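The values are calculated or read from the model by the stated rules, or taken from the named source; none is laboratory data. Keep in mind it's a predicted model, so treat the numbers as computed, not measured. Note: ideal-geometry Cβ built from the backbone for every residue, glycine included; neighbour counts use all protein chains shown.
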Amino acid sequence: MLRILGKSNPSLCDGVRRRDFLRVGALGMGGLALPRLLQAEAAAGLGRSQKAVIMIYLVGAPPHQDMYDLKEDAPSEIRGEFKSISTNVPGIRICEHLPRLAGIMDKLVPLRSVHGSPNGAHDSHICYTGRDWQNPPPGGWPAIGPVISKVLGHYREAVPPFVGLAPRAGHPPYGSPGLPGFLGPASAAFSPSGPGREDLVLRDIDGSRLDDRKGLLADFDRFRRDTDASGTLDALDTFQQRALGMLTSSRIADALDLSKEDPKIRERYGKGDPRNYGDGAPRNLEHFLLARRLVEAGARCVTLNFGRWDFHSNNFSEAKNTHLPLFDQGMSALVEDIYARGMQDDVSIVAWGEFGRTPTINKDAGRDHWPRVGGGLLSGGGFKTGQVLGATDRLGGEIADRPIHFGEVHASLYRQLGIDPHKTQFTDHAGRPHPLVDYAHQPLPELI
């Protein structure tokens, strides 16, 4: 049994405000250098296998019964305005406003019976951890990205194992990439946002000057370590190594530079809208392409946040005009790209929100929160695709067959990565060990 000890004190630099990146010229005394910035960003929350996970958080919980589980025989106050269309897999039908996904259903697994949200409160936590956010252990549950980062480490030293393409959001959980919990900030997401991307490459400093500064830093670190009794320098070393690796390699900068991508592929993904939708996330289709490029460069987990699906009013016009077509384009482009590049056995893709929506349409033509059942979409991972898992009743409000807990999906993702979700354990800040997912949640046998 593998047990990984978490730090008892995850705080490294309270009060440091985040900026996207600082130039390498600050890499030394006096100034917030990139290692410290990475440290500050992580503190704020923000093996050799090539296997990876791309997790797409559909912010605010999309209407499952208007996407993959339409109830066209239900009464009008239940079924809504959308029609279903056939897919390239006989017998599977999905929403008419997802035609591109319908055309690649053989590469997808719609999940129609996802459950586990403790109530109707908005929080990305259950999507990223597979666990109830209520009554967490000391330090909090770690998300899948930090777990992968901690257990597997770097595939390529210059590329962070966990990258979060999450923006700041008016409702903070909508902008979360998945938090490290009791694993500590060294396992948190690297967030390559903002105009500071250009500072990931060396400009006015050559390799010899950088080596001199590295030596100077090492001298100071030895002095600091001799006087340090807190253990926080262990984590700081992690940030320095990440920073220096990125600055001395072009791999991460190249992955983030979409101008290096084939114009035809960029056109296939599209641009979407980089602005936040309300207090949610952008509908940025370039993030789907960045996710593929980052995984191809060596990232083990990439999370991205898409839109704001909390349609308490005008559910059908909002879904039809602002979200479904863009999601259809970005998700289908990502899946097709993964398969075209032969990555489908190594890269798992999952897209979902924190719960479902009410069967009954309210007086404002919207659907309200419904934690009893929701939906999701899987692809890649070597999974058996072209099938539907789970079913709801005639009204789409109760699970009728094959309940699927968020934790079961997480267990399946870990298994695909070669990580045993139960034998691999972490110790929280109180010294108690925990498996990656609850023992009751096993990998989905239907996918194997």
Single residue of Val350, Val302, Val335 found to be assigned to a helix (DSSP H, G or I), among the hydrophobic types (A, V, I, L, M, F, W, C) and within 18 Å of the chain's Cα centre (by Cα):
Val335
When the residues of segment 381-397 are narrowed to those that are crowded, with 16+ Cβ neighbours inside 10 Å and out of contact with any helix residue (DSSP H, G or I) (no Cβ under 8 Å at 6 or more places or on another chain), which ends up nearest to Tyr339 (Cα to Cα)?
Val388
Search segment 47-79 for residues being more than 18 Å from Gly330 (Cβ to Cβ) and among the hydroxyl-bearing types (Ser, Thr, Tyr), and hand back the single one that is modelled with the lowest pLDDT.
Ser49
Mind checking which residues of segment 80-110 are of a type outside the set (Phe, Trp, Tyr), more than 27 Å from the chain's Cα centre (by Cα) and either under 24 Å from His122 (Cβ atoms) or at pLDDT below 95 (or both)?
Gly80
Any chance you could count how many residues in segment 268-289 are surrounded by fewer than 23 Cβ atoms within 10 Å (Cβ to Cβ), farther than 11 Å from Leu326 by Cβ and touching a helix residue (DSSP H, G or I) at 6+ places or on another chain (Cβ under 8 Å)?
5
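Okay, residues lined up against (1) closer than 28 Å to Gly386 by Cβ; (2) surrounded by fewer than 24 Cβ atoms within 10 Å (Cβ to Cβ); (3) of a type in the set (A, V, I, L, M); (4) touching a Leu at 6+ places or on another chain (Cβ under 7 Å):
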{"residue": "Ile126", "(1), (2), (3), (4)": "yes, no, yes, no"}
{"residue": "Pro138", "(1), (2), (3), (4)": "no, yes, no, no"}
{"residue": "Val151", "(1), (2), (3), (4)": "no, yes, yes, no"}
{"residue": "Val163", "(1), (2), (3), (4)": "no, no, yes, yes"}
{"residue": "Leu179", "(1), (2), (3), (4)": "no, no, yes, no"}
{"residue": "Phe182", "(1), (2), (3), (4)": "no, no, no, no"}
Of the listed residues (Arg268, Arg275), the one being of a type in the set (Lys, Arg) and either under 18 Å from the mean Cα position of the chain (by Cα) or closer than 21 Å to Pro173 by Cβ (or both) is Arg275
